[in-house]
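J.: The structure follows.
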Amino acid sequence: MPRWLVSALLVVFAVHLVAFGRLAVKRRELRFVVVTVTFALLVIAFSLRLWAPRLTLGGVALYWFPRVAAWISAAVSLALYVRHRRRR
């Protein structure tokens, strides 16, 4: 992935982190907290990819671990969203 794209995605994820962080604090709903965690993990992953792309852990790029955690968090977030929509 080109460096400019990693930088652009990092900015997008950081903006979303701030926006959903405010929603999580304001509304105090678990679904917004999980979305905030997802974007925090993505910011960590893309920061590592941008500034420390060669760091590894057990032969795996270090940025891969928060990225996988972000996928899991996103799946939980979607499940909470579906549950919220069904209750309405």
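One line per residue, one yes/no per condition, for (1) surrounded by fewer than 18 Cβ atoms within 10 Å (Cβ to Cβ); (2) touching a strand residue (DSSP E or B) at 6+ places or on another chain (Cβ under 9 Å); (3) assigned to a helix (DSSP H, G or I):
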{"residue": "4", "(1), (2), (3)": "yes, no, yes"}
{"residue": "23", "(1), (2), (3)": "yes, no, yes"}
{"residue": "33", "(1), (2), (3)": "no, no, yes"}
{"residue": "45", "(1), (2), (3)": "no, no, yes"}
{"residue": "53", "(1), (2), (3)": "yes, yes, no"}
{"residue": "65", "(1), (2), (3)": "yes, yes, yes"}
{"residue": "77", "(1), (2), (3)": "no, no, yes"}
{"residue": "84", "(1), (2), (3)": "yes, no, yes"}
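J.: A follow-up question, please. Please list, ordered by first then second residue, the pairs with beta carbon atoms under 8 Å, 6 or more apart or interchain, first in segment 56-77 and over 13 Å from residue 44 (Cβ atoms) and touching a residue at least 12 places away in the same chain (Cβ under 8 Å), second of a type in the set (Val, Ile, Thr) and crowded, with 17+ Cβ neighbours inside 10 Å.
T.: Qualifying pairs under 8 Å: 74/38; 76/34; 77/34; 77/35; 77/38.
Only the coordinates and a few stated rules stand behind these numbers; no lab work does. If you're wondering where the values come from, they're calculated on a predicted model, not measured in any experiment. We place every Cβ from the backbone using ideal geometry, glycine too, and count neighbours over all the protein chains shown.
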